[in-house]
């Protein structure tokens, strides 16, 4: 499989993370095959992905019945199922995580906090802790949305050694705030004398959704020649922000103590425009 184009992407310092999970892909060996043959180096999930997995298969029926009979709420049943799958996926990705020269590169599996907590900082922090402890794997990332309330939760989670996938980023200003939260969280942790060389994070910058919003505005204002270009331009600008902030003197002090940069993860990369 040396000629596999997807796998060759890693030669350029890029990684493909699969934005999908269900029990079939884990138990059938398909996930391991994607890792071994196609070079997939991480997995992300969200409630919508799990909804599709659970509703389109009978694989979860027995566990749903068992958890429901135990008197658990709908949310508790959902996270019981999700945590179980995430733990299995973490084990499949463990060889990738362990083969990296530096912790913080690949081999991670992401599990998202409830979207109903997106504007509740303390509840997000509480659930991030709970999910981190329930999964109990070094290579899990807890997904926290980049809302205003989420920024504080991200900083707190990082300061407490929880790996974080910051999700639902659309704005360059908010992305810079997310990097600030990551760096501040590491600084707080370092001041407490705690290790920072094992804490990892990615910032998931959503692309196609930007064009969905902006393109009609461009058409309306006679700027149709720019249609479909704003998202990529935003990504390029975000990368320049990344390079600036992670080459600063402030960052170098953390880097000398083993900290790794918060990587940019390009999400929502499929084109939504048929043209």
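The values are calculated or read from the model by the stated rules, or taken from the named source; none is laboratory data. On a predicted model such as this, the values are computed, not experimentally measured, just so you know. Because the Cβ atoms are built from the backbone with ideal geometry, glycine has one as well, and the counts that use them run over all protein chains shown.
Can you find, within the range 69-86, the residue that is nearest to residue 13 (Cα to Cα) among those that are outside any helix (DSSP H, G or I) and out of contact with any helix residue (DSSP H, G or I) (no Cβ under 7 Å at 6 or more places or on another chain)? Working first, answer last.
If we filter the range 69-86 for residues that are outside any helix (DSSP H, G or I), which is where we start, we get 70-73.
Applying the additional criterion that residues be out of contact with any helix residue (DSSP H, G or I) (no Cβ under 7 Å at 6 or more places or on another chain) yields 70-71, 73.
Values: 70: 47, 71: 47, 73: 43 Å.
The extreme case among them is 73.
Which of the residues that make up the range 92-132 are more than 20 Å from residue 50 (Cβ to Cβ), over 18 Å from the mean Cα position of the chain (by Cα) and part of a helix (DSSP H, G or I)?
Residues satisfying the conditions are 95, 98, 99, 121, 122, 126.
Filter the range 133-165 down to residues that are within 15 Å of residue 186 (Cβ to Cβ), within 14 Å of the chain's Cα centre (by Cα) and either part of a loop (DSSP other than H, G, I, E, B) or in contact (Cβ under 8 Å) with a residue 60 or more places away in the chain (or both), then give me how many there are.
Residues flagged as within 15 Å of residue 186 (Cβ to Cβ), within 14 Å of the chain's Cα centre (by Cα) and either part of a loop (DSSP other than H, G, I, E, B) or in contact (Cβ under 8 Å) with a residue 60 or more places away in the chain (or both) within the range 133-165 amount to 2.
Give the range 181-197 a look and list any residue that's in a helix (DSSP H, G or I) and in contact with a helix residue (DSSP H, G or I) (Cβ under 8 Å, 6 or more places away or on another chain), or say none.
Within the range 181-197, 181, 182, 183, 184, 185, 186, 187, 188, 189, 190 meet the criteria.
If a residue has to be closer than 16 Å to residue 18 by Cβ and either touching a helix residue (DSSP H, G or I) at 6+ places or on another chain (Cβ under 7 Å) or surrounded by fewer than 21 Cβ atoms within 10 Å (Cβ to Cβ) (or both) to count, how many in the range 109-129 make the cut?
3
Of all the residues that make up the range 198-230, how many are part of a helix (DSSP H, G or I) and under 19 Å from the mean Cα position of the chain (by Cα)?
Counting residues in the range 198-230 that are part of a helix (DSSP H, G or I) and under 19 Å from the mean Cα position of the chain (by Cα) gives 3.
Within the range 256-275, can one find any residue that is in a helix (DSSP H, G or I) and at pLDDT 95 or above?
no
From (1) under 20 Å from the mean Cα position of the chain (by Cα); (2) within 24 Å of residue 263 (Cβ to Cβ); (3) without any contact (Cβ under 8 Å) to a residue 24 or more places away in the chain, pick out the condition that doesn't hold for residue 51.
All conditions are met except number (2).
Under 7 Å between Cβ atoms, at least 6 apart or on separate chains: pull out the pairs that start in the range 227-251 with a residue that is without any contact (Cβ under 8 Å) to a residue 24 or more places away in the chain and end on any residue that is assigned to a helix (DSSP H, G or I).
230/210; 230/211; 230/214
Which of the residues spanning the range 25-39 are in a helix (DSSP H, G or I), free of Cβ contacts under 8 Å to residues at least 60 places away in the same chain and surrounded by 15 or more Cβ atoms within 10 Å (Cβ to Cβ)?
Of everything in the range 25-39, those that are in a helix (DSSP H, G or I), free of Cβ contacts under 8 Å to residues at least 60 places away in the same chain and surrounded by 15 or more Cβ atoms within 10 Å (Cβ to Cβ) turn out to be 25, 34, 38.
Return yes when residue 89 is part of a loop (DSSP other than H, G, I, E, B), in contact (Cβ under 8 Å) with a residue 40 or more places away in the chain and crowded, with 17+ Cβ neighbours inside 10 Å and no when it is not. Please lay out each step first, then the result.
Numbers: part of a loop (DSSP other than H, G, I, E, B): no; in contact (Cβ under 8 Å) with a residue 40 or more places away in the chain: yes; crowded, with 17+ Cβ neighbours inside 10 Å: yes.
So residue 89 does not fit the description; no.
Do you know which residues across the range 40-61 are under 30 Å from residue 11 (Cα atoms), outside any loop (DSSP other than H, G, I, E, B) and in contact with a helix residue (DSSP H, G or I) (Cβ under 8 Å, 6 or more places away or on another chain)?
If the condition is that a residue be under 30 Å from residue 11 (Cα atoms), outside any loop (DSSP other than H, G, I, E, B) and in contact with a helix residue (DSSP H, G or I) (Cβ under 8 Å, 6 or more places away or on another chain), then 40, 41, 42, 43 are the ones that fit.
Looking at (1) surrounded by fewer than 19 Cβ atoms within 10 Å (Cβ to Cβ); (2) touching a helix residue (DSSP H, G or I) at 6+ places or on another chain (Cβ under 9 Å); (3) under 24 Å from residue 18 (Cβ atoms), which is the only condition residue 64 fails?
Checking residue 64 against (1) surrounded by fewer than 19 Cβ atoms within 10 Å (Cβ to Cβ); (2) touching a helix residue (DSSP H, G or I) at 6+ places or on another chain (Cβ under 9 Å); (3) under 24 Å from residue 18 (Cβ atoms), the one that fails is (3).
Can you tell me which residue is nearest to the chain's Cα centre (by Cα) among those in the range 235-255 that are in a loop (DSSP other than H, G, I, E, B) and over 22 Å from residue 170 (Cα atoms)?
Top of the filtered list is 247.
Within the range 70-84, is even one residue in contact (Cβ under 8 Å) with a residue 60 or more places away in the chain and surrounded by 15 or more Cβ atoms within 10 Å (Cβ to Cβ)?
No, because not a single residue in the range 70-84 is in contact (Cβ under 8 Å) with a residue 60 or more places away in the chain and surrounded by 15 or more Cβ atoms within 10 Å (Cβ to Cβ).
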